[in-house]
């Protein structure tokens, strides 16, 4: 089994879309979320990144190298911020959920 890092850190694009915030990860396909407030968007972004990276690990999908912040363009009505996925608790939670489902 391949050893995966304890955390991942990727830039995320936060954009204010009027009555909501959207978050995308330029380096990761299908990693995105939206929320009513910036605070919720920041929390949701971490959860999305953690789940996405967990499933990439489990499926042996490519783990892309994060872009440097300086490589990314300015964002109209928003900003770019690094998001950290702390993986040990995520792996434990998903494995416990899978175990509980198997035992049910």
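Helical runs assigned H by DSSP (4 residues or longer) give the chain a calculated mean residue ellipticity at 222 nm of -12500 deg cm²/dmol, each run adding -39500 (n - 2.57) before division by the residue total. Calculated FRET efficiency, residue 59 and residue 9, Cβ-Cβ r, R0 35 Å, to nearest 0.05? Computed FRET efficiency for residue 59 and residue 9 comes out at 0.95.
Highest mobility in the GNM of the chain, judged by mean-square fluctuation with C-alpha springs under 10 Å and restricted to 47, 31, 93, is found for 93.
Taking only the C-alpha atoms of the chain, the Rg (one decimal) and the largest Cα-Cα distance, Dmax (whole number), read 15.0, 49 Å.
Working from Cα pairs under 8 Å separated by at least six residues, relative contact order for the stretch 1-40 is 29 percent. Evaluated at q = 0.13, 0.21, 0.29 Å⁻¹, the base-10 log of the normalised Debye intensity for the stretch 18-79, with identical point scatterers placed on the Cα atoms, takes the values -0.40, -0.93, -1.27.
Label sites at residue 80 and residue 17, each approximated as a point 7 angstrom past Cα along Cα to Cβ, lie 2.1 nm apart.
Angle between the Cα long axis of helix 87-103 and the longest principal axis of the chain, 0 to 90 degrees, nearest 10? Around 50 degrees separate the two axes.
Give me the extension gain from residue 95 to residue 68: residue separation times 0.36 nm, minus the current Cα-Cα distance, reported in nm with one decimal.
6.5 nm
Considering only alpha-carbon pairs that sit under 8 angstrom and 6 or more positions apart, the relative contact order computed for the chain is 35 percent.
For the chain, the longest principal axis of the C-alpha atoms and the axis of helix 38-58 are separated by about 40°.
The numbers here are math on the coordinates, done by the rules we state, and not lab data. These numbers were taken from a predicted model, which means no experiment stands behind them. Neighbour counts run over all protein chains shown; Cβ positions are idealised from the backbone, glycine included.
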